[in-house]
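The values are calculated or read from the model by the stated rules, or taken from the named source; none is laboratory data. The shown structure was predicted, so the numbers you read here are calculated from the model rather than taken from an experiment. Please note that ligands, DNA and RNA were not included when accessible areas were found on the heavy atoms of the full protein model with its side chains. Shrake-Rupley method; radii C 1.70, N 1.55, O 1.52, S 1.80 Å.
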Amino acid sequence: MKVKDPAMIRRWRKQEHLSQAQLGYLVRRSQTTIYLLETGGMRTLSEDLALAIAARLRVPWEDLFEAQEHEVMPEVTNDAHSTRRTIRPHHNRRMSA
């Protein structure tokens with residue numbers, strides 16, 4: 001997720017009468033994390049953290065954050081000829097008694 005406007009987080013936090021340390025505690029992060037979000041030092045954050053902050057501030061997450069598209073990573077291959085191989089765990093192994 002991306003922070004839309006860092007100052008908006010601060011305004012909502014103050015409206016809820018929370019310190020940075022209190023909000024950090026409520027969302028299981030440090031006061032420093034909240035400070036960085038509010039000052040623009042941290043422009044992106046996990047979806048879980050964004051949703052937790054929005055819930056604690058009682059504001060729709062869309063007002064504070066923008067969802068980001070995840071970049072699709074190319075598939076990693078195992079041989080020099082770039083043949084795709086799927087590695088599957090062995091679920092059929094029998095346990096000896």
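Structural remarks
- Computed with a 1.4 Å probe over protein heavy atoms only, the accessible surface of region 1-75 comes to 67 Å² per residue.
- Legend: residues LYS2, LYS14, sorted from most to least accessible area (1.4 Å probe; ligands, DNA and RNA excluded), read LYS14, LYS2.
- The stretch between ASP48 and ALA7, if pulled fully straight at 0.36 nm per residue, gains 12.7 nm over its current Cα-Cα span.
- For region 1-54: rounded, prolate or oblate by the Cα gyration tensor [a/c cutoff 1.5]: rounded
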